[in-house]
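Peer 1: Quick one: structure below, then a few questions.
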Amino acid sequence: MQKHLFLLIFLTVIQTQQTQGHTHSKCMQPPKQSVLTETTETAGRLQTPQDDEIKALKNNNALQAEELTRQKFYQRLLGFIAIIIVVFAALILYAYRHLKTINKQLRAANAQVAKQKNTLAEISDRQTQLLKDLKASNAAKDRFFSIIAHDIKNPLQVQLSGTRLLTDRLDALSQMEIHHIAQEMKDNTKHLFDLLDNLLQWASVQTGKIKHQPQAVNLSEIMNRWIAFYTGAAAQKEISLKHQIIPEARVMADPFMVNSILNNLISNALKFTDRKGSITLTIAPEKLFWSITVRDTGVGISQNRLEKLFSIDENVSTRGTKNEKGTGLGMILCREFVAINGGHLQIESHEGQGTTVRFKLPRVS
């Protein structure tokens, strides 16, 4: 009985607990979705550090991938720019070399043109010089025949007339008339000799037959010789023949030409100086030359005649103060001889005031 009672009580208690547990469970259990959400939140709270690390790694990987992509882009861009620069540099180098080649060709062409231009200019100059020489040669030829036709023929006619007169009428002529004819024949003979001498010298210069043989020449000795030679002629016209000579004056020149120069200049000065005039000969030193001056107080030369004095195709010969005849070649010879010896000749003159001729010859070093 007791067993059955105990069992009944036990069953009752169990049933009561189950009923209470079920009731408590119903009262305490949330809805099904709330439990899931709560579970998820709880799991989320439990997994957050790992997810952050994973997320950070993913972000880092994404950044690295982005940076790598960016670097690749820049590398490609730089490579493209480098290719453009190389191509551009190659084009510039090609253009520079091509331009250099063109410039070289242009310079060569310009040099060739300049050379041809110079050649043409030289040919033109030669032609001009040849024409000038031809003109001078023709003028010289005309002058030569003019001298032969007049300057030589006329003195010879005077000589012939004088000799005929002396031969045919010698007994009928007075002593004074004979003396006058003889003096005139003497003057004509001297003029003819001077003319032939100058003519031969001039012809020799024109044909190149006079050889230039320079040597040390003492100017004082040559000048003293010609002063002594013309002292008598100067005394006849009462001309004062002065000189200022430096004994050590020595030039490098052809002695024959120096003699011819001084002979012509002193002879001209005497010819064109009035009675009681003066002629002064001086020698002065310069750095590289000796300067020789022949100055007279004669009739002088007009400007018009002075401009034609050295022209071979112009006959500017005039008679002296005693009706002396000139050859018209003396000054031309003087200038040519001075030039051949490396010097220079100049003349200054005013009509009625005299003439000064100055020439320079190289000093002996």
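Peer 1: Can you spot a residue in segment 168-188 that is modelled with pLDDT under 90, closer than 27 Å to Thr282 by Cβ and assigned to a helix (DSSP H, G or I)? Let's see the steps before the verdict.
Peer 2: Going residue by residue through segment 168-188, those that are modelled with pLDDT under 90 are 168-188.
With the extra rule that they be closer than 27 Å to Thr282 by Cβ, the set shrinks to none.
No, segment 168-188 contains no residue that is modelled with pLDDT under 90, closer than 27 Å to Thr282 by Cβ and assigned to a helix (DSSP H, G or I).
Peer 1: Just to be sure I understand the filter: pairs with C-beta atoms under 8 Å, separated by 6 or more residues or on different chains, first member in segment 338-365 and in contact (Cβ under 8 Å) with a residue 12 or more places away in the chain and under 15 Å from Met252 (Cβ atoms), second member crowded, with 16+ Cβ neighbours inside 10 Å and of a type in the set (S, T, N, Q). Which pairs pass?
Peer 2: Filtered contacts from segment 338-365: Phe359/Ser291; Lys360/Ser291; Leu361/Asn341; Pro362/Asn341.
Peer 1: Same structure again: Can you spot a residue in segment 98-119 that is hydroxyl-bearing (Ser, Thr, Tyr) and modelled with pLDDT under 85?
Peer 2: Among the residues of segment 98-119, not one is hydroxyl-bearing (Ser, Thr, Tyr) and modelled with pLDDT under 85, which makes the answer no.
Peer 1: Could you list all residues from segment 270-295 that are part of a loop (DSSP other than H, G, I, E, B), at negative phi and either among the basic types (Lys, Arg) or not assigned by TED's automatic domain parsing to the domain that holds Glu238 (or both)? Walk me through it before giving the result.
Peer 2: We begin by selecting, within segment 270-295, every residue part of a loop (DSSP other than H, G, I, E, B); these are 272-277, 286-288.
If we keep only those that are at negative phi as well, we get 272-275, 277, 286-288.
Listed by number, the residues that qualify are Arg275, Lys287.
Peer 1: Collect the residues in segment 296-315 that are surrounded by fewer than 22 Cβ atoms within 10 Å (Cβ to Cβ), of a type in the set (D, E, K, R) and outside any helix (DSSP H, G or I), keeping them in residue-number order.
Peer 2: Selection gives Lys308, Asp313, Glu314.
Peer 1: Continuing with this model, one more query. Considering only segment 204-224, I want to know if a residue exists there that is among the hydrophobic types (A, V, I, L, M, F, W, C), farther than 23 Å from Trp290 by Cα and not in a loop (DSSP other than H, G, I, E, B).
Peer 2: Let us first name the residues in segment 204-224 that are among the hydrophobic types (A, V, I, L, M, F, W, C), namely 205, 210, 216-217, 219, 222-223.
Still in the list and also farther than 23 Å from Trp290 by Cα: 205, 210.
Then drop every residue that is not not in a loop (DSSP other than H, G, I, E, B), which leaves 205.
Within segment 204-224 (the criterion being among the hydrophobic types (A, V, I, L, M, F, W, C), farther than 23 Å from Trp290 by Cα and not in a loop (DSSP other than H, G, I, E, B)), the answer is yes, since at least one residue qualifies.
Peer 1: Is it the case, given these coordinates, that Leu345 is in contact with a strand residue (DSSP E or B) (Cβ under 8 Å, 6 or more places away or on another chain) and either modelled with pLDDT of 90 or more or within 17 Å of Leu262 (Cα to Cα) (or both)?
Peer 2: Numbers: in contact with a strand residue (DSSP E or B) (Cβ under 8 Å, 6 or more places away or on another chain): yes; either modelled with pLDDT of 90 or more or within 17 Å of Leu262 (Cα to Cα) (or both): yes.
For Leu345, the condition - in contact with a strand residue (DSSP E or B) (Cβ under 8 Å, 6 or more places away or on another chain) and either modelled with pLDDT of 90 or more or within 17 Å of Leu262 (Cα to Cα) (or both) - is met.
The values are calculated or read from the model by the stated rules, or taken from the named source; none is laboratory data. Here the structure is a predicted model, which is why all the values come from computation and not from measurement. A quick note on method: Cβ atoms are made from the backbone with ideal geometry, for glycine too, and the neighbour counts reach across all protein chains shown.
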